[in-house]
Amino acid sequence: MRRLLRWVGRLVAVVVVLGVVLVGYAYFATERMLARTYVVADPPLVLPTDAAALDRGRHLFTELGCADCHGAQGQGHVVFDAPPGRIVAPNITPTRLAGRYDADKIAAAIRHGVRADGHPLRFMTSGDFHNLSDADTAALVAHVQSLPRSANHPGELEIRPLGRVLTVLGMFELVAAERIDHTPRTRTAPPPGPTAEYGAYLAQRCTGCHRDDFAGGHVKGTPPSFADAGNLTPHPQALGPWSLEDFKRAIRTGKEPSGRALDPFMPWQAFSTMSDDELAAIYAYLRTVPAKAPRK
């Protein structure tokens, strides 16, 4: 019995030491990520002044989920507070951005996940927006610059040890800028309409949760209690049986054809502001992606 206890004690000690080493390495690796700087040299934006483009910017602010994270007026708030960290979307009104972020630096934050000083933003979902067209980005930036001023301070973002460990294990995206192509380029969008081509452009904003293959699965970095992102491929056990009207109804009402409510983590309220043509385009594109069985 004493020998067994000694072996158990040694095993526990080894596990503790390995845990400390892992946390230490994770801290070093994530700090190195955050210390890196990026150069963004996209062609300068031309901000619109016409009513249609400004309306488009307001639409995008809601549809892309900016309002979900930063608040309807951009005042910022706590997105979630969980073991990996306290995730805070900051105040992005002119009160906080003036003097630091001009239009092109706001665009760099949106599409590249890069701060005004060149360091990476933390937990910014720029991977979903890196191909946003110049016209859409300019409209969105114009709207951000028109937000009512607010002195609200939602608190500081905190990366906890678990979040750092999950980051080095590839289970939490701390720095989106690491996987984004920062090559300077002009970005355009296909002509708007209920086409699969336009749907492919719109559906890039779904990849952060539903992944690049749209087969869904557990969303990186979320607690185990969070529901998995749904499978959006035309597999018979996924969206295969859904009609366009089923798809539109789910996005507009938050209910699947079976009557089951979509998980609250799914920001269907934001997507419900999409036009019929936008939803039809996304549906048309999702019918073209390879069908995949739901992930276990």
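The values are calculated or read from the model by the stated rules, or taken from the named source; none is laboratory data. Remember, predicted model here, so these are calculated numbers, not experimental data. Heads up, the Cβs are rebuilt from the backbone with ideal geometry, glycines too, and the neighbour counts pull from every protein chain shown.
Points worth noting:
- Within the stretch 248-296, being more than 28 Å from Arg58 (Cβ to Cβ) and surrounded by fewer than 13 Cβ atoms within 10 Å (Cβ to Cβ) holds for Ser258, Gly259, Arg260, Thr288, Pro290, Ala293, Lys296.
- The number of residues in the stretch 123-152 that are at pLDDT 95 or above and out of contact with any helix residue (DSSP H, G or I) (no Cβ under 7 Å at 6 or more places or on another chain) comes to 7.
- Among the residues of the stretch 93-108, those identified as in a loop (DSSP other than H, G, I, E, B) and within 22 Å of the chain's Cα centre (by Cα) are Thr93, Tyr101.
- Filter result for Glu158 (closer than 29 Å to Gln73 by Cα, surrounded by fewer than 19 Cβ atoms within 10 Å (Cβ to Cβ) and of a type in the set (Asp, Glu)): yes
- Here Arg10 clears all of (1) at pLDDT below 95; (2) within 29 Å of the chain's Cα centre (by Cα) except the condition numbered (2).
- Evaluation of Arg164 against the conditions (1) crowded, with 17+ Cβ neighbours inside 10 Å; (2) within 30 Å of Asp277 (Cβ to Cβ); (3) among the basic types (Lys, Arg); (4) assigned by TED's automatic domain parsing to the domain that holds Val79 shows that the sole unmet condition is (2).
Conditions (1) surrounded by 15 or more Cβ atoms within 10 Å (Cβ to Cβ); (2) under 17 Å from the mean Cα position of the chain (by Cα); (3) not in a loop (DSSP other than H, G, I, E, B), marked per residue:
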| position | (1), (2), (3) |
| --- | --- |
| Ala26 | yes, no, yes |
| Met33 | yes, no, yes |
| Thr62 | yes, yes, yes |
| Ala67 | yes, yes, yes |
| Val78 | no, yes, yes |
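- Test: residue in the stretch 225-232 that is hydroxyl-bearing (Ser, Thr, Tyr), more than 15 Å from the chain's Cα centre (by Cα) and surrounded by 15 or more Cβ atoms within 10 Å (Cβ to Cβ): no
- Just so you know, in the stretch 35-60 the residues that are of a type in the set (Val, Ile, Thr) and farther than 28 Å from Leu162 by Cβ include one that is farthest from the chain's Cα centre (by Cα), and it is Thr49.
- Given (1) surrounded by 15 or more Cβ atoms within 10 Å (Cβ to Cβ); (2) modelled with pLDDT of 95 or more, number of the condition Val39 does not satisfy: (1)
- Per the listing Ala203, Ala196, the residue uniquely buried (at least 18 other Cβ atoms within 10 Å of the Cβ) and under 15 Å from the mean Cα position of the chain (by Cα) is Ala203.
- The requirement of being within 30 Å of Phe28 (Cα to Cα), in contact (Cβ under 8 Å) with a residue 12 or more places away in the chain, out of contact with any strand residue (DSSP E or B) (no Cβ under 6 Å at 6 or more places or on another chain) and in the same structural domain as Leu262 (by TED's automatic domain parsing) is not satisfied by Gly230.
- A count restricted to the stretch 164-184 and to residues that are more than 17 Å from Ala35 (Cβ to Cβ) and not in a loop (DSSP other than H, G, I, E, B) stands at 3.
- Qualifying residue in the stretch 95-104 (condition: among the small types (Gly, Ala, Ser) and touching a residue at least 60 places away in the same chain (Cβ under 8 Å)): no
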